[in-house]
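The values are calculated or read from the model by the stated rules, or taken from the named source; none is laboratory data. Fair warning: this is a prediction, and the values are worked out from it, not measured in the lab. Cβ coordinates were reconstructed from backbone atoms using ideal geometry, including for glycine residues, and neighbour counts include every protein chain displayed.
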Amino acid sequence: MNETGANDPPVGHPETTETAQDTGRRPSVRLLPTLRMHLEMSVSDFVRFWSRLYDYGNEAYYFSNIFAHQFTKEQLWQLLEWKNGMVLSEAKKKTLKEKVLGHLEVINQMKAADKWNEGLFDRTFYDLGVSWRIFMRHVIKPDRFPDFDYHTYHAYRFIAGLKVKTVSKNAQLKESFYLEKYLPFVHELVSYSSRPDRRKLDEALAAFGKFLDANPGMFSNERLRTWN
């Protein structure tokens, strides 16, 4: 299999002719309908192409801190700035210093633990906004909890064959969706990749979702079929 070139069209684009296989298995009908133009694409091809188009900015703030064995306040703060797009308002600074940095010891305790303690997480961040709660799951256990935003949400809905719509503003519904729908979706994608890289998958989904947002109506569910 030839690797997709830097100037090749996106995997799934009508001009693409290359096909690929991952582990020899295909994602289940239940979760993963996929793009169909003239081919079936593999998860590895999808990640390889779209992750190269990812550009969130200030990635050094993320990669120099996310895999720390134990966070310092400075490392944790840089991750919060990165997620926010760097500039934090005074109100956000006050909230995050109190509701996140104030729990640094517990955060490092959860980070070091082999098992995830949902009860401890809920007790620690019960009054934190839902978007920050989801991000803190990723910060604490990046290999367990994928990063998530409205771009990755739109990528999920498209790949799953659903109509693209705005992510719910209801905190409970948004977190339930992340845990019950998006998390299994990402874990299954990882299971069908020959060389899974969870961060590259996050980046690919974000870039693809951003592409969909910038090109509304370019694709439709009629142009999907199921991997089986």
Answer with yes or no whether Tyr61 is within 18 Å of the chain's Cα centre (by Cα) and closer than 22 Å to Phe208 by Cβ.
-> no
Of the conditions (1) free of Cβ contacts under 8 Å to residues at least 60 places away in the same chain; (2) outside any helix (DSSP H, G or I), Pro142 clears all except one; give me its number.
-> (1)
Scan of the stretch 117-149 for residues that are over 18 Å from Leu173 (Cβ atoms), basic (Lys, Arg) and more than 14 Å from the chain's Cα centre (by Cα), ordered by number = Arg123
Subset of the stretch 150-207 that is assigned to a loop (DSSP other than H, G, I, E, B) and of a type in the set (A, V, I, L, M) - its residue that is modelled with the highest pLDDT = Ala160
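Within the stretch 78-131, which residues are in a loop (DSSP other than H, G, I, E, B) and either touching a residue at least 24 places away in the same chain (Cβ under 8 Å) or buried (at least 16 other Cβ atoms within 10 Å of the Cβ) (or both)?
Of everything in the stretch 78-131, those that are in a loop (DSSP other than H, G, I, E, B) and either touching a residue at least 24 places away in the same chain (Cβ under 8 Å) or buried (at least 16 other Cβ atoms within 10 Å of the Cβ) (or both) turn out to be Gly85, Met86, Leu88, Val100, Trp116, Phe125, Asp127, Leu128, Gly129.
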For the stretch 25-63, how many residues meet the condition of being under 19 Å from His187 (Cβ atoms) and modelled with pLDDT under 90?
-> 13
Checked the stretch 192-215 for anything free of Cβ contacts under 8 Å to residues at least 24 places away in the same chain and more than 15 Å from the chain's Cα centre (by Cα); matches are Ala214, Asn215
Can you name the residue in the stretch 57-86 that is among the hydroxyl-bearing types (Ser, Thr, Tyr) and in contact with a helix residue (DSSP H, G or I) (Cβ under 7 Å, 6 or more places away or on another chain) and, of all such residues, is farthest from Ile134 (Cα to Cα)?
-> Tyr61
